[in-house]
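To start, the structure under review is shown below, and the notes come after it.
Please treat every number below as a calculation from the coordinates, not as lab data. Fair warning: this is a prediction, and the values are worked out from it, not measured in the lab. Virtual Cβ from ideal backbone geometry, glycine too; neighbours counted across all protein chains shown.
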């Protein structure tokens with residue numbers, strides 16, 4: 001297949017942004033948010049056990065929120081820099097930011113058994129790390145403190 005189209009996520013210049021939340025694409029009524037927890041190609045990546053734990057907690061929180069019917073997908077990026085969150089466009093940009101803020105606060109404060117963490121419920125139930133997950137969500141939580149919908153644009157002027 002020599003004439004394949006380049007996919008949308010490869011069109012974004014990953015050298016021009018860091019930790020934050022961005023809209024990467026809109027397909028009909030579905031908005032894809034890139035929830036970046038570490039700077040792309042920055043040399044620090046989220047470990048698989050931490051990423052897996054964040055996935056379980058993030059998805060559980062979002063699917064139990066007031067936006068549950070509008071959550072299409074939440075899953076990790078293969079590059080281990082963050083997550084994709086896909087929502088229906090009925091979730092406002094402000095609400096999407098607030099949902100991630102609340103979900104990541106939930107993760108930072110979480111104590112107890114990780115939801116869906118049994119041999120029956122998960123294909124790799126032993127690979128989790130709650131303590132790392134709690135630490136790994138903090139930089140994004142700090143970044144989202146005063147985040148605005150304008151900042152969801154990859155081209156927004158950053159400091």
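Kindly provide the set of residues from region 109-118 that are under 24 Å from residue 97 (Cα atoms) and surrounded by 12 or more Cβ atoms within 10 Å (Cβ to Cβ), ordered by number.
Answer for region 109-118, where residues must be under 24 Å from residue 97 (Cα atoms) and surrounded by 12 or more Cβ atoms within 10 Å (Cβ to Cβ): 110, 114, 115.
Touching a strand residue (DSSP E or B) at 6+ places or on another chain (Cβ under 6 Å), buried (at least 17 other Cβ atoms within 10 Å of the Cβ) and under 27 Å from residue 25 (Cβ atoms), is that true of residue 152?
yes
Taking the criterion of being at positive phi and either in contact with a strand residue (DSSP E or B) (Cβ under 7 Å, 6 or more places away or on another chain) or in a helix (DSSP H, G or I) (or both), would at least one residue in region 54-62 satisfy it?
no
In region 119-149, what count of residues is obtained for those that are surrounded by 10 or more Cβ atoms within 10 Å (Cβ to Cβ) and in a helix (DSSP H, G or I)?
Residues flagged as surrounded by 10 or more Cβ atoms within 10 Å (Cβ to Cβ) and in a helix (DSSP H, G or I) within region 119-149 amount to 15.
What number of residues within region 75-116 are within 18 Å of residue 151 (Cα to Cα), assigned to a loop (DSSP other than H, G, I, E, B) and touching a residue at least 60 places away in the same chain (Cβ under 8 Å)?
2
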